[in-house]
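First comes the structure, then the notes that go with it.
Rule-based calculations on the coordinates, nothing more; no lab input. None of these values were measured; they are calculated from a predicted model. Ideal geometry is used to build each Cβ from the backbone, glycine not excepted, and the neighbour counts take in all protein chains shown.
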Amino acid sequence: MHRIVKLKVITEIAEKAGAITLAWYQKEVAVDYKADQSPVTAADLAANHFICQALRERYPEIPLLSEENKAVSYSERAEWETFFLIDPIDGTKEFINQSDQFTVNIALIHRGVPVLGVVYAPALKAMYTACQGQGAFKNGRRLPFKKNAKPDQSLTVVASKNHLSVETEQFIKGLTESTEKVTMKAIGSSLKLCLVATGEADLYPRLGPTMEWDTAAAHAVVLAAGKQVLQFGTDKPLVYNKADLLNPWFIVQ
């Protein structure tokens, strides 16, 4: 079933959803807080409504899971071989703070693996797209477009702008013992994974909580660019549609 989904269609949906978010951007937008104290705005809900409606109209046979929709029980999700995984605005704090580093994330998951992903940063006009077997692209340019020829001499590490844990800081500090120069970039949203996919960063360690919808679309971009997202301290890939939608710690490389 996953092969019927066209990357062009998902890209167009993400682009239109991005336009919806920009209609609210740089305005005074009311902020509510969910049970986990994460923020949500009218822009999140408007973009989510559009994405879900568009996907249901185009692919009614494929279920979907979104951060902003009602929770779906694992007993129901366990029957899903293929589904869409959506975060209408990843980096809502970045959106509220007007940093431009927020994204629209749409992924297609098949048997626990993100096989198609679109990450659109509308304020930056950056569109990352990927489909299994077809490669990854930023605004039509194939990824990666940079390679680090001497990682033992210099590493660029990207980390969370708003959620930098003590464990992540310690991990980055430890890299300096084996690498001459370690440069850290603090970035919001799923753009962190995308920077590893482009080659602009070498590592993204996330030793802190994230949800499946935070990473899925960009994970597809990373995979199609020939990189990996591994559970921290193992050689096991990050997988999707778990009973608990909370991701374990991971590293992108």
The range 70-143: GluC sites (Glu not before Pro) falling in loop per DSSP and having at most 14 other Cβ within 10 Å
E79, E81
Spin-label zone in the range 180-219 - amide nitrogen under 17 Å from a point set 7 Å from the Cα of T234 along the C-beta vector:
206-212
Could you pull out the pairs from K150/K227; K150/K173; K34/K236 whose alpha carbons sit more than 21 Å apart here?
K34/K236
Which of the aspartates and glutamates could be linked to K146 by a straight reach, that is with a Cα gap under 14 Å, when you skip same-chain ones fewer than 8 residues away?
E200, D202
Skipping prolines and chain starts, which residues have an amide H placed within reach, meaning under 5 Å, of the one on S189, given they are 5 or more residues away or on another chain?
K161
Can you list the residues of the range 71-98 with backbone N under 19 Å from a point 7 Å past the Cα of A126, pointing along Cα to Cβ?
87-98
Which value, in debye to the nearest 20, describes the size of the charge dipole of the chain about its Cα centre when Lys and Arg Cβ atoms bear +1, Asp and Glu Cβ atoms bear -1, and nothing else is charged?
880 debye
With label points set 7 Å from each Cα along the Cα-to-Cβ direction at A186 and D32, the distance between them in nm comes to 3.1 nm
Zone of K6 (label point 7 Å along Cα→Cβ, backbone N under 20 Å): which residues in the range 43-59?
51-59
The chain, helix-only ellipticity at 222 nm - DSSP H runs n ≥ 4, -39,500 (n - 2.57), divided by all residues, nearest 500:
-9000 deg cm²/dmol
Which distance in Å, rounded to a whole number, links the C-alpha centroids of the range 37-60 and the range 168-193?
33 Å
